[in-house]
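The values are calculated or read from the model by the stated rules, or taken from the named source; none is laboratory data. As the structure is a prediction and not an experimental result, all values here were calculated from the model. Positions of Cβ are backbone-derived with ideal geometry, glycine not excepted, and every protein chain shown enters the neighbour counts. Side chains are part of the model used for accessible areas, which takes the heavy atoms of the whole protein and leaves out ligands, DNA and RNA. Shrake-Rupley method; radii C 1.70, N 1.55, O 1.52, S 1.80 Å.
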Amino acid sequence: MDVILIAGFWLDGASWDGVIPALERAGHRVHALTLPGLESPGADRRDITLRDHVDAVVAVVDRCEDEVVLVGHSGGGAIAYAVADARPHRIARVVYVDSAPLPHGRPINDELPAVDGEIPLPDWSEFEEADLRDLDDELRAAFRAWAIPQPARVACDLQVLGDERRYDVSATVVCCEISSDTVHEWVTGGHPFGAELGRIRDVDLVDLPTGHWPQFTRPADLAEAILRSIGR
């Protein structure tokens, strides 16, 4: 299986380093992507769009010879969903890590403050307590030293979807900050977070209690959750 890892905001492909070895030991070909504009702090990202990120992942899918599983963390989940829309016949499953499929016509997050076309990692005080669970001082320092400003248009551009075959692509949601019981209630109760998730025909909810960055706080458990999802 080809497993494509799509990081959330401020992170490059190396942010998956704690997760990759277990996936490779299980025999999978792992592609941990660094998306356009996240190559380095000095990269020019002013004109990089959400579609640029989607197209970059689609290009990797097109080079894969085997079935593909997409793993999208946080904002990477929205990108993964757009790729499933673009290539529904190639994607075996999408794993949303503390994330969910983003509907057509919605931005990933247009409330983050941008400076000169990019969004720096905010101060920790801007995050909810649940976001930061298990992210101790050492991990926070490492994350901040590692963080690369996010292209602002990736956060603010509207999602564009057009192929309803995306609802046939199986999904797993790794529930970190919010329990699977709550996510299920949102889906059945019409909460906006679960609107698109409720239209996918095969959805599996998995609990992994921790903060918003399980690839840092519980990497081994996240790898195991991904492997279980692949095996379904």
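Limited to the range 31-75, what total is found for residues that are assigned to a loop (DSSP other than H, G, I, E, B), under 22 Å from Ser170 (Cβ atoms) and either touching a strand residue (DSSP E or B) at 6+ places or on another chain (Cβ under 6 Å) or at pLDDT 95 or above (or both)?
Matching residues across the range 31-75 total 5.
Take the range 1-30 and flag every residue that is of a type in the set (Gly, Ala, Ser) and either part of a loop (DSSP other than H, G, I, E, B) or more than 20 Å from Glu67 (Cα to Cα) (or both).
Ala7, Gly8, Gly13, Ala14, Ser15, Gly18, Ala26, Gly27
Being open to solvent by 50 Å² or more (accessible area, probe 1.4 Å), over 17 Å from the mean Cα position of the chain (by Cα) and among the aromatic types (Phe, Trp, Tyr) is the filter here; which residues of the range 159-197 pass it?
Result: Trp186, single match.
For the range 60-77, state whether one or more residues are open to solvent by less than 30 Å² (accessible area, probe 1.4 Å), hydrophobic (A, V, I, L, M, F, W, C) and closer than 17 Å to Arg199 by Cβ.
No, the range 60-77 contains no residue that is open to solvent by less than 30 Å² (accessible area, probe 1.4 Å), hydrophobic (A, V, I, L, M, F, W, C) and closer than 17 Å to Arg199 by Cβ.
Being assigned to a strand (DSSP E or B), in contact (Cβ under 8 Å) with a residue 12 or more places away in the chain, of a type outside the set (S, T, N, Q) and under 25 Å from Leu227 (Cβ atoms) is true for just one of Tyr96, Tyr81. Which residue is that?
Tyr96
Considering the range 135-176 alone, what residues qualify as being among the hydroxyl-bearing types (Ser, Thr, Tyr) and not in a helix (DSSP H, G or I)?
Those that are among the hydroxyl-bearing types (Ser, Thr, Tyr) and not in a helix (DSSP H, G or I): Ser170, Thr172.
Might you let me know whether the range 107-129 holds any residue that is closer than 22 Å to Glu224 by Cα and either in a loop (DSSP other than H, G, I, E, B) or modelled with pLDDT of 95 or more (or both)?
Checked the range 107-129: no residue is closer than 22 Å to Glu224 by Cα and either in a loop (DSSP other than H, G, I, E, B) or modelled with pLDDT of 95 or more (or both).
Counting only residues that are open to solvent by less than 40 Å² (accessible area, probe 1.4 Å), over 13 Å from the mean Cα position of the chain (by Cα) and among the acidic types (Asp, Glu), how many does the range 1-42 have?
Result for the range 1-42: 1.
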